[in-house]
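Asker: One structure, pasted below without further comment.
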Amino acid sequence: MNKVVNDFSITVGTKNGSGSSTANNTILRAIFKMGIPVSGKNLFPSNIQGLPTWYTIRVNKDGFVARREAQDIVIAINPDSFARDLASVPAGGAFYYADDIKQPITRADIAIYPMPVKELVRKDPNVPSDFRDLVGNMIYVGVLAQMIGIELDKILAALTFHFKGKQKPIDMNYNAVKAGAEWAATNLEKKDPFYLEPMDITHGMIMSDGNTAGALGSIYGGVQFAAWYPITPATSLAESLNDYLPQLRKREDGKHTYAVVQAEDELSAIGMAIGAGWSGLRAMTSTSGPGLSLMTEFAGLAYYTEVPIVVWDVQRVGPSTGLPTRVSQGDLSFTAYLGHGDTEQIILLPGDVYECFEFGWKAFDIAEHMQSPVFVLSDLDMGMNQWMSKPFDYPNVPMDRGKILWEEDLEKIKSNWGRYLDMDGDGIPYRTVPGNKHPLSAYLLRGTGHDEYARYTEDAPMWAKNMDRLKKKYETAEAIVPGPVITRTPGAKIGIIGYGSTSSAIEEARYQLEKEHGLKIDLMRVRAVPFPSEVDEFIRTHDQLFVVEMNRGGQMHKLLAISHPESATRLVKLAFNDGLPATASWVREGVLKKLNGKASSANGKKPATDKAAPKMVKKVSANKVTLKKGAK
């Protein structure tokens with residue numbers, strides 16, 4: 001049996017609300033502290049508690065931490081999902097289970113490890129009876145640690161971090177970990193190939209979820225007002241604002257320099273943000289798809305009246321209520337034109353946790369520079385799950401307040417100022433904010449037709465002129481928003497285009513396609529709409545471009561085809577969404593399937609042979625493509 005070191009997945013099956021989160025995050029952080037690249041994903045139901053939930057940890061020595069279909073090690077603690085969990089283990093895998101679950105196990109092709117979870121936790125007199133189920137989760141942490149090589153001092157460090165140094169809960173949980181490890185050392189014989197060995201790849205890195213990162217970035221970007229209404233998976237972003245603002249934004253006299261308001265609904269939340277943005281505050285709100293639908297009319301108001309606000313949309317599966325606790329990239333096309341009439345919205349697309357932080361502060365700069373709403377589209381996988389990241393960098397750049405006029409500015413320009421007058425030819429007018437005492441400062445904000453001086457008008461030529469200016473302003477944004485991240489291979493004529501949380505799966509798929517199938521592939525991760533000029537150049541210089549996204553219709557594919565109609569035939573849609581995060585195998589097999597269907601490949605050669613790129617057979621089903629026998 002060949003050892004498999006630092007390259008496998010662990011899945012824990014429990015019940016929602018059973019308190020397993022602490023145990024699972026302890027495993028994740030302990031492995032991370034061993035220097036091994038790792039990620040954690042929580043698959044939980046939308047009810048409060050009781051239904052099955054799964055937590056998957058991906059360990060990969062090369063740093064590829066996107067979701068994998070394979071679950072090499074499965075830990076079954078929930079009787080209701082026991083049969084499913086057992087069946088999910090591939091041949092050669094390992095199955096750990098709580099031995100009080102009396103269900104048949106007939107498989108002989110996997111390693112089976114029973115664990116006396118309840119018996120061991122009952123033996124500790126320091127664990128109160130009402131805490132036994134919670135602390136009992138630490139038994140499987142200890143057993144797993146002993147069997148695969150998680151260092152116990154790293155588990156202790158993870159518990160210390162989680163409980164913020166509080167000794168009593170640290171000791172109670174760590175004693176259960178040690179009990180599980182000691183029992184496993186005495187009673188279990190290793191029968192599987194999976195091991196962990198220390199590395200140093202994660203040195204200097206941190207772990208965070210995207211919602212926390214976005215909240216911190218917003219704080220460092222100077223947020224002064226936030227209004228929100230609870231909705232999965234965006235709630236924890238606002239909760240993180242409430243956690244960190246009192247620590248980071250308090251004056252010497254103890255007074256706060258911000259306001260966070262829980263509104264009665266999403267419509268009120270964005271309305272409050274628009275009022276705050278108009279008054280000169282850096283204002284934001286956060287929501288998900290159903291909430292964004294309610295914000296539509298106010299989003300159009302902010303666009304037309306040119307009020308800077310930031311809206312975070314942490315995407316989930318729609319339409320309607322959809323799947324509240326599953327991931328999607330289904331709000332892109334909706335957001336791009338959010339608001340009735342001719343609206344075009346500015347969108348930022350963070351691709352990792354670090355960019356959630358970075359776009360947290362940059363969104364305010366762009367919103368004020370452009371005098372426009374800015375929408376940051378994250379998603380559940382990035383927003384609520386744990387990811388490795390380099391440490392967040394303090395934004396050592398001056399805040400960009402845009403074209404804002406104070407008393408001395410108005411005194412200089414005298415009567416030349418109009419609220420919607422384009423004085424510089426970039427479509428962006430100048431603005432004032434309440435409190436400016438100059439007599440020229442005041443204007444009446446209105447969502448109806450207005451001229452360059454904010455005066456009411458229904459004059460047709462004036463309406464057309466104002467809308468043309470808004471179009472020019474949107475085009476100006478192309479040079480202001482973040483450009484794409486491009487990775488090139490010399491000689492490549494195939495390109496893969498992605499955005500958001502799919503980037504980790506795409507990067508791994510590209511590695512596999514180049515290493516295993518000899519293809520040369522360039523990558524481009526789009527980070528904003530409207531598309532900067534680098535996107536145009538990338539599309540023009542490739543013969544075939546695969547657009548990867550987690551939605552049914554290929555929304556990025558459509559936006560790119562609309563903006564680049566001359567290249568539409570070279571843009572190939574790879575879109576699928578079942579609510580689960582994208583995997584490298586889905587991306588890889590999708591690319592190969594499309595290439596095998598072409599008369600000639602985009603690398604200027606005939607389609608790859610079966611040896612290089614196996615031809616697909618059978619239809620695509622769910623998130624898997626069936627390959628011919630022998631295909632990787």
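The values are calculated or read from the model by the stated rules, or taken from the named source; none is laboratory data. Being a predicted model, the structure only gives us computed values, none of them experimental. Cβ atoms come from the backbone with ideal geometry, glycine included; neighbour counts cover every protein chain shown.
Asker: Looking at the stretch 368-387, which of the residues that are among the charged types (D, E, K, R) and under 17 Å from the mean Cα position of the chain (by Cα) is surrounded by the fewest Cβ atoms within 10 Å (Cβ to Cβ)?
Answerer: Asp379
Asker: Here are the criteria: (1) in contact with a Lys or Arg (Cβ under 8 Å, 6 or more places away or on another chain); (2) surrounded by fewer than 16 Cβ atoms within 10 Å (Cβ to Cβ). Tell me which single one Asp243 does not satisfy.
Answerer: Asp243 satisfies every listed condition except (1).
Asker: Only one of Gly435, Gly495, Gly491, Gly500 is among the small types (Gly, Ala, Ser) and outside the structural domain of Ala568 (by TED's automatic domain parsing). Can you tell me which?
Answerer: Gly435
Asker: Restricted to the stretch 405-442, and to residues that are among the basic types (Lys, Arg) and not in a loop (DSSP other than H, G, I, E, B), which residue is surrounded by the most Cβ atoms within 10 Å (Cβ to Cβ)?
Answerer: Here the residue is Arg431.
Asker: Hand me the list of strands (runs of 3 or more DSSP E) wholly inside the stretch 450-553 holding 1 or more residues that are charged (D, E, K, R) and surrounded by 14 or more Cβ atoms within 10 Å (Cβ to Cβ).
Answerer: Result: 521-525, 544-549.
Asker: While we're here: Tally the residues that are in contact (Cβ under 8 Å) with a residue 40 or more places away in the chain and in contact with a strand residue (DSSP E or B) (Cβ under 7 Å, 6 or more places away or on another chain), restricting the search to the stretch 84-102.
Answerer: Counting residues in the stretch 84-102 that are in contact (Cβ under 8 Å) with a residue 40 or more places away in the chain and in contact with a strand residue (DSSP E or B) (Cβ under 7 Å, 6 or more places away or on another chain) gives 6.
Asker: Has the stretch 388-404 got at least one residue that is in contact with a Leu (Cβ under 8 Å, 6 or more places away or on another chain), surrounded by fewer than 23 Cβ atoms within 10 Å (Cβ to Cβ) and either in contact (Cβ under 8 Å) with a residue 24 or more places away in the chain or of a type in the set (S, T, N, Q) (or both)?
Answerer: Within the stretch 388-404 (the criterion being in contact with a Leu (Cβ under 8 Å, 6 or more places away or on another chain), surrounded by fewer than 23 Cβ atoms within 10 Å (Cβ to Cβ) and either in contact (Cβ under 8 Å) with a residue 24 or more places away in the chain or of a type in the set (S, T, N, Q) (or both)), the answer is yes, since at least one residue qualifies.
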